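In what follows, a single structure is set out as structure tokens and then discussed.
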Amino acid sequence: MNIQQVNISENNFEQCIKCTICTVYCPVVPVNPDYPGPKQAGPDGERLRLKRGEFFDESLKYCLNCKRCEVACPSGVKIGDIIQLARIKYGKKKPKLRDVMLANTDFVGSVATKLAPVVNASLALKPVKLAMDGILKIDAHRTFPKYSSQTFESWYKKNAAYKQQSYKNQFSFFHGCYVNYNYPQLGKDFVKVMNAIGYGVNLLDEEKCCGVALVSNGLINQARRQAELNIKNIRKSVLEKGCPIVGVSSTCVFTMRDEYPHLLGVDNADVRDGINLATRFIYHLIDECGVKLKFRDGIKMKIAYHTPCHMEKLGWAYYSASLLRMIPGVELQMLDSQCCGIAGTYGFKKENYPVSQGIGASLFRQIENSGADFVATDCETCKWQIEMSTSKKVMHPVSVLAEALDVEETIKANAK
Amino acid sequence: MKFDVVIIGGGLAGLTCGIRLQKNGVKCAVISAGQSALHFSSGSFDLLNKLPDGSDVDCPVEAAGKLDALHPYKKIGELLGFYADEAKSQLIGCGVDVVGEAGANTYRITPMGTLRPTWLTMSDFTAFPDGNSLSGKKLLIVNIAGFLDFNTKFIADSFESRGAECRIVAVSLPETERLRLSPTEMRAPNIARALEPETVLAALLSEIKSRSEWADCVVLPAVFGLSDLAPLDYMRSVIGKKVCLVPTMPPSVPGIRTQLVLRRAFERMGGVFMLGDSVAKADLKNGEIAAIYTENHGDYGIKAHCYVLATGSYFSKGLVARPDSVVEPVFGCDVDYEKKRADWYDSSFFARQGYMRFGVVTDDCFRAVKNGKALANLYAAGSVLCGFDALQQGCGAGVSMLSALYVADKIMKG
């Protein structure tokens, strides 16, 4: 028996050689001295926690779960997973009402869309913001994303569902909470692009929030239930219907591919390859399957692409950047890959606001100095953070494609 | 995904190769599993300091002729001097400011304060022409209070043994004291980051200046300039007398900056750098690599005309030691190693260690060998190669850069 092959623990904390490179790339360490850094919080602390759980340190809550430590680690240690699992296993602090509200994007979204005009108007009011700041500890600087009065799902059922079966190829769209409740336009853009290249868009029988916000707010059981439901429906689509799953949010896709098995213990090995991100899916169709995109004439724009943390971890920024570069007249600048500071619901919490803005400061400076017309990124919470903290608008690469696309020509080019 | 060349490994060898190719219009992708050993850089690049018999080298280019046939420099042969100059000018062209010549070694200071021969030294540091440069000098050794990776006493002892007079002081600011909350994480890059705001740096420098009147030269740990050289220039102008930086224990601030600068240069030329990914498997057809598959890109293969294995040595898992063998895990290339494990190492820690010479077998032009046959489109460069002992011979950086440039030119010539 080869002892070296069997004495490695699941999250391989013992392979850490204490080089501290992870700490160099941690976005929290330079701005929050209360956070001991990924090496200390992760593999070092794990040794102590294995001895006695009471060595768990509440300061682990300052971890953003950005996974940049894992991307940097030369030894392949799953530092971010170690920290998040320790929070799940040993954390004693119960989620507050605010955390439950922020985490339940699904439930809050479905109520808020019904009352969208009222909700949007009141969330923008100063007294409401101050009340939320004072009572719920949701920072008053934050601008809540607007809720749409019609969900993406209901738009789809009324306007798109009936014609999808006419396309030769089919896939299932995991729209996520943001597209459904806040910004159905992104979903419509995606349907437009996919239909133009001959792909019919289906929805899952049922989809729940991927659960990323539940995990980070400590609502693990609920996260696991939602993960199981999603995987069940994903299995039905991928294995029974042969329809791959495609999402537009890098975080939803990352969570379903990697956090489900690593943090929630929900096995997805049989369908993981079938869970894809929109830009990667489209890039692959062009690269390997002969799909063509045709663009309108006269486009001229300068775009700065921001790599969200989970996109960096997925390693897929190349796909989004390559697609944007295919549009004639686009000048693309890749911004330095760094955390914007929002980390989902983290930045909404009053106690995290200064840290959140401190983390993003150098990114915001680079964006302001870029001279770009707008920023493109695959993550909705990065979009909120950048739009709040800079003068630039942020667009999803799929929306950029949809706007630049010559639909008639694209349909013709892919008809053969 | 399709590229002209895919380079596996994003350290000194991988980036050196990628930059030369990309500069000449060859479309490259670098796949890097985590950050590289450049984070452990001394701030200098060695070409050749000692021969295998232990004799000192003054002129690396001449002495290289005396190396045995397996040494990577022997494959570069007559072109060694040419590629050494190319390596230097490529570094400078990318923004890594270095001094030194391949014809004559100079001396660098180690973290322990001793002097060692070297080839190129970054402008952060001082390259001494010989070992006697410190004699009669009054040196003020300044540490940041609480910083454990800078051994002031060792450094003072070493400098004093060379005839210098030393005094040691520690300085602190609220911003550096804050780092002491996590004493194990008070490392050079964290200090460098704390000193990034100009007001903080100015406060530290005025404290240092006020205590340095007595000294001819101020000795400081290399904790300045994580992303660019501006803090160093500022520091030298404020202190107003000779400043001698000493490298710290890792992580290395100048090393991290070098990694960043080289990666940016590569990307600016249009290269694609994929960090945090590793090759999971490769398709081999007719003695060639047809495609590779990585952890991140899964079933979407990556294709190229040529591949370069620049995965480094044991630290970065370019070589993996098993109980009874040493293997190259990406392609399963042939590795030259002693069959008896007892011959791998010497129980005397400071003696020459056998495992240092192990590495991937290549043909005359660095094409990697698998099952006794060179693969037609897979080259190997850097510390994954066999036949040299980077520690004993002081040739690690030289082998990395020179083999990488040589391979890049081979690929371009076809």
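The values are calculated or read from the model by the stated rules, or taken from the named source; none is laboratory data. Since the model is a prediction, treat every value here as computed from it, not as a measurement. Note that we place each Cβ from the backbone using ideal geometry, even for glycine, and neighbour counts take in every protein chain shown. For accessibility, only protein heavy atoms count, side chains too; no ligands or nucleic acids. Shrake-Rupley method; radii C 1.70, N 1.55, O 1.52, S 1.80 Å.
What are the chymotrypsin sites (Phe, Trp or Tyr not before Pro) within the range B:188-238 that DSSP puts in a loop, where the Cβ has at most 11 other Cβ atoms within 10 Å? Please list the in-between numbers first.
Working: sites: B:TRP214, B:PHE224, B:TYR234; in loops: B:TRP214, B:PHE224.
Passing sites in the range B:188-238 are B:TRP214.
Legend: distances between Cα atoms for B:LYS75/B:LYS339; A:LYS94/A:LYS114; A:LYS188/A:LYS392; A:LYS61/B:LYS317; B:LYS74/B:LYS370; pairs beyond 28 Å are A:LYS94/A:LYS114; A:LYS61/B:LYS317. Counting Lys and Arg as +1 and Asp and Glu as -1 over every other residue whose Cβ lies under 9 Å from the Cβ of B:LEU378, the net charge comes to +1. Beta bridges per DSSP, both residues in the protein assembly as shown: antiparallel share near 35 percent. Judged by the ratio a/c of the largest to the smallest principal axis of the C-alpha gyration tensor, the range A:97-136 counts as oblate, that ratio being 1.5 or greater while a/b is no larger than b/c. Within chain A, no helix built from a complete DSSP H run reaches 27 Å or longer along its own axis (Cα positions) while carrying a mean Kyte-Doolittle hydropathy of -0.5 or higher.
With a cap of 12 neighbouring Cβ atoms within 10 Å, and only residues DSSP puts in a loop, list the trypsin sites (Lys or Arg not before Pro) found in the range A:297-355. Passing both the DSSP loop test and the Cβ count: A:LYS300.
The alpha carbon gyration tensor of the range A:10-90 gives principal lengths a ≥ b ≥ c with a/c of 1.5 or higher and a/b no greater than b/c, which makes the shape oblate.
Keeping all protein chains in place, calculate the accessible area per residue for the protein assembly as shown (probe 1.4 angstrom), answer in Å².
Values: 33200 Å² over 830 residues.
Per-residue value: 40 Å².
In plain terms, the chain from B:TYR314 to B:VAL99 could stretch by 74.5 nm, reckoned as 0.36 nm per residue minus the Cα-Cα distance. Per residue of A:14-26, other chain Cβ atoms within 10 Å of the residue Cβ number 5 on average. Per-atom-type breakdown for chain B gives carbon and sulfur 52% of the accessible area (1.4 Å probe, protein chains only). Taking a point 7 Å from the Cα of B:ALA145 along the Cα-to-Cβ direction, the residues of the range B:186-230 with backbone N closer than 14 Å to it are B:204, B:207-208.
Placing +1 on the Cβ of every Lys and Arg and -1 on the Cβ of every Asp and Glu, with no other charges, gives chain B a dipole of roughly 420 debye about its Cα centre.
Solvent-accessible area of the range A:301-407 (1.4 angstrom probe, protein heavy atoms only): carbon and sulfur portion equals 52 percent.
Hey, what number do you get for the protein assembly as shown at 222 nm if only DSSP H runs of n ≥ 4 count, each worth -39500 (n - 2.57), divided across all residues, to the nearest 500?
Working: 34 runs with 303 residues, N = 830.
Rounded to the nearest 500, it is -10500 deg cm²/dmol.
Counting only DSSP beta bridges whose two residues both lie in chain A, roughly 10 percent are antiparallel.
Only sites in a loop by DSSP and with at most 14 other Cβ atoms within 10 Å count here; which GluC sites (Glu not before Pro) in the range A:1-60 make the cut? Passing sites in the range A:1-60 are A:GLU10.
As an exercise, use a Förster radius of 41 Å and the Cβ-Cβ distance of A:VAL407 and A:VAL128 to find the FRET efficiency, rounded to the nearest 0.05.
0.50
Residue separation of B:VAL200 and B:LYS413 scaled by 0.36 nm, minus their Cα-Cα distance, works out to 71.5 nm of gained length. Interface between chains A and B: roughly 3300 Å² of accessible area buried, both sides summed (probe 1.4 Å, protein heavy atoms only). Apply 1/(1 + (r/R0)^6) to the Cβ-Cβ distance of B:ASP343 and B:LYS153, taking R0 = 45 Å, and write down the FRET efficiency to the nearest 0.05. The pair B:ASP343/B:LYS153 has a calculated efficiency of 0.75. With a Förster radius of 60 Å applied to the C-beta separation of A:ILE135 and B:ASP85, the computed FRET efficiency comes to 0.30. Expressed as a whole percent, the accessible area of the range A:97-136 that falls on carbon and sulfur atoms is 81 (1.4 Å probe).
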